[in-house]
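Please read the structure below before turning to the comments.
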Amino acid sequence: MSKPIRLIVGLGNPGAEYADTRHNAGFHFVDALAAKFGVRMSEDRKFQGEVGRLSLDGREVWLLKPSTYMNASGRSVVALALYYKILPDEILVVHDEMDIEPGLMRLKLGGGNAGHNGLKDISAQLSTPDFWRLRLGIGHPKKLGLAQEVAVFVLAAPSAEHREKIALCIDAGLGVIRDIVGGSIEKAVRTLAPFSGQKEKQKAARSASAPADPKVKGDRIIVSRCLLGYTCRYDGESRPSILEKLEAKGWTKDDIVTICPEMEGGLPCPREPAEIMAPGSDGHAVLAHEGEVVDRTGTDVTAQYLRGARKALKTAKAANAPFALLKARSPACSPAGIYDGSHTRTLVPGQGIAAALLAKNGFVLFSEEELDRIPAKRSES
């Protein structure tokens, strides 16, 4: 469970000339939130913005609309956060996002700024990017077929159709605000999954990376280390080796190159079990920095999983192995099914992070549950 949110910031520019622009989507969210719960927003010079106080389910939450203009939003945020001793991971910043199309949104902790100057200044002023973001999609002018420059696009009003789509996202966000404020952010993410657009994106990525002929033969084979009896599982235990089954297909110990992305990424053994958190997301989303890996204690281990995935790819390329036999249901290695992020062992379609990276680079993937499909090693005759 995440920490409760104590400060909700909506980003935008002050003044009537900016009121209806795409860049003010964050302002629109906070305005709608204040209206929903009858909160009066008023200018507070001490915090360089409009401030309101929301009491929700026994919790006090501050609402903030910086009056500093977008590029200096961090000054307002850090002033209020320092005064009330609010930590970065207790802050939710709601903002417009060009990398997401209108009608979609995503809730995430930390990440890059994607050229958004408001996020850039907040990260600089807080000395960390690790605050929560609710990213309201406004689309990119090029992807929308518009000839506008980005600076002109964000400071213009959206079309009636896109305005309605953004408003639907705001309504959906308001619908999970109690979960967000209460610290049940993972539950909020699951509820907002239909607005994430991730399933279609993953399907396209997997389709594009799938080799035409799965019956590839080669001289080497990549295998998840835990499948060969090594002690590298999250629980510190080992499982029976599948080496004999591979040998029955002509593969010898010398033909096998092993990987363990978790340990090669810097995680210990044993370690807390981890899952990809954003519902509808899998390894492809994490590789695109649109999903996180969080262990059972709530610790973000995304960086270690990404590091391990890159090392696994490097190993596989060096071995010149055309396919890999990987551990099913692993957030790193699974070729076709992962747990949904609820830590209730609920399986959903998707690939682990290392598996997704290998697939993107043309490797054919199998799990230990598909041993009958593993090609026999081609003889040298």
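The values are calculated or read from the model by the stated rules, or taken from the named source; none is laboratory data. Quick caveat: nothing in here was measured; it's all calculated off a predicted structure. In this analysis, Cβ positions are derived from the backbone assuming ideal geometry, glycine residues included, and neighbour counts consider all displayed protein chains.
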Legend entry - Out of Tyr18, Tyr69, Tyr84, sole residue that is on the phi > 0 side of the Ramachandran plot and in contact (Cβ under 8 Å) with a residue 12 or more places away in the chain: Tyr69
Legend entry - Hey, Ser330 among the hydroxyl-bearing types (Ser, Thr, Tyr) and touching a Lys or Arg at 6+ places or on another chain (Cβ under 9 Å) or not: no
Legend entry - helices (runs of 4 or more DSSP H) enclosed by segment 52-160 - at least 3 residues per element that are small (Gly, Ala, Ser) and farther than 24 Å from Thr302 by Cα: 73-83
Inset, instruction - Any residue in segment 259-274 that's over 19 Å from Leu228 (Cα atoms): show its pairings with residues that are of a type in the set (A, V, I, L, M) and part of a strand (DSSP E or B) at Cβ separation under 8 Å, as long as the two are six or more apart or on different chains. - result: Ala274/Val293; Ala274/Val294
Inset, instruction - Kindly provide the set of residues from segment 247-304 that are of a type in the set (Val, Ile, Thr) and closer than 27 Å to Pro322 by Cα, ordered by number. - result: Thr252, Ile256, Val257, Thr258, Ile259, Ile276, Val286, Thr302
Legend entry - Qualifying residues in segment 291-311 (those that are small (Gly, Ala, Ser) and touching a residue at least 60 places away in the same chain (Cβ under 8 Å)) - the one nearest to Lys108 (Cα to Cα): Gly291
Legend entry - Test result for Pro211, surrounded by fewer than 18 Cβ atoms within 10 Å (Cβ to Cβ) and at pLDDT below 95: yes
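Okay, residues lined up against (1) touching a Pro at 6+ places or on another chain (Cβ under 9 Å); (2) surrounded by 17 or more Cβ atoms within 10 Å (Cβ to Cβ):
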{"site": "Trp251", "(1), (2)": "no, yes"}
{"site": "Ile256", "(1), (2)": "no, yes"}
{"site": "Gly265", "(1), (2)": "no, yes"}
{"site": "Ile276", "(1), (2)": "yes, yes"}
{"site": "Gly283", "(1), (2)": "yes, yes"}
{"site": "Lys317", "(1), (2)": "no, no"}
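Listed here are the residues, each with its yes/no results for (1) under 23 Å from Lys65 (Cβ atoms); (2) buried (at least 16 other Cβ atoms within 10 Å of the Cβ); (3) in contact with a helix residue (DSSP H, G or I) (Cβ under 7 Å, 6 or more places away or on another chain).
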position: Ala124; (1), (2), (3): yes, no, yes
position: Ser127; (1), (2), (3): yes, no, no
position: Pro141; (1), (2), (3): no, yes, yes
position: Gly145; (1), (2), (3): no, no, no
position: Ala172; (1), (2), (3): yes, no, yes
Inset, instruction - With the checklist (1) out of contact with any strand residue (DSSP E or B) (no Cβ under 6 Å at 6 or more places or on another chain); (2) in contact (Cβ under 8 Å) with a residue 60 or more places away in the chain; (3) buried (at least 23 other Cβ atoms within 10 Å of the Cβ) in hand, flag the one item Lys360 doesn't pass. - result: (3)
